[in-house]
1. Would you pick out the residues in the range 122-141 that are modelled with pLDDT under 90 and within 28 Å of residue 59 (Cα to Cα)?
2. Can you go through 83, 67 and tell me which one is modelled with pLDDT of 95 or more, touching a strand residue (DSSP E or B) at 6+ places or on another chain (Cβ under 9 Å), closer than 30 Å to residue 167 by Cα and assigned to a strand (DSSP E or B)?
3. Of the numbered conditions (1) at pLDDT 80 or above; (2) more than 18 Å from the chain's Cα centre (by Cα), residue 153 fails exactly one; give the number of that condition.
4. Using the structure shown, decide if residue 76 is free of Cβ contacts under 8 Å to residues at least 40 places away in the same chain, within 26 Å of residue 142 (Cβ to Cβ), part of a strand (DSSP E or B) and in contact with a strand residue (DSSP E or B) (Cβ under 8 Å, 6 or more places away or on another chain).
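The values are calculated or read from the model by the stated rules, or taken from the named source; none is laboratory data. No experiment lies behind these values; they were computed from the predicted model shown. Every residue, glycine as well, gets a Cβ built from its backbone with ideal geometry; the counts of neighbours run over all protein chains shown.
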């Protein structure tokens, strides 16, 4: 019996289900809806469990992730928006790009973002274009919620050193015993062979 495939969702359905700027398979999900944030705001202290850390490590391309924590202050902003401020910190296991040996790095990233409903975010982006280039841009608030786990994962990945090195690691190219004859050495040899004929 042939397998039946579900029809692909429309782009609008996908946009409602997946927060902006995060992979489709978000390993750490902590959604917070606007209606669950009191007027005075709400504080979150998040610590990822071992299973979540392993999944985030796979997404981030890490050797391991022994610690992943985040703290957020979520406050209401304007008509249906949220301001998220906080910090993500982690201990990450990477591999030295020079010696290919394991090493451990600390990552700490500050977060301060403004999330507005999509129509207000688009209007804010248009206004930001009319102002100076360094004006703060807003992020779209999709489905009336912010996923703090996805946000923490994204900022962890942004904070990773793309070329981690052990202290004192220096790249030593292999010693080449033959001098480089250049890119046209083969043509020169061919020409010499034709002259001798």
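1. Answer for the range 122-141, where residues must be modelled with pLDDT under 90 and within 28 Å of residue 59 (Cα to Cα): 137, 138.
2. After applying the criteria, what remains is 67.
3. Tallying (1) at pLDDT 80 or above; (2) more than 18 Å from the chain's Cα centre (by Cα), residue 153 fails exactly one: (2).
4. Against the criterion (free of Cβ contacts under 8 Å to residues at least 40 places away in the same chain, within 26 Å of residue 142 (Cβ to Cβ), part of a strand (DSSP E or B) and in contact with a strand residue (DSSP E or B) (Cβ under 8 Å, 6 or more places away or on another chain)), residue 76 does not qualify.
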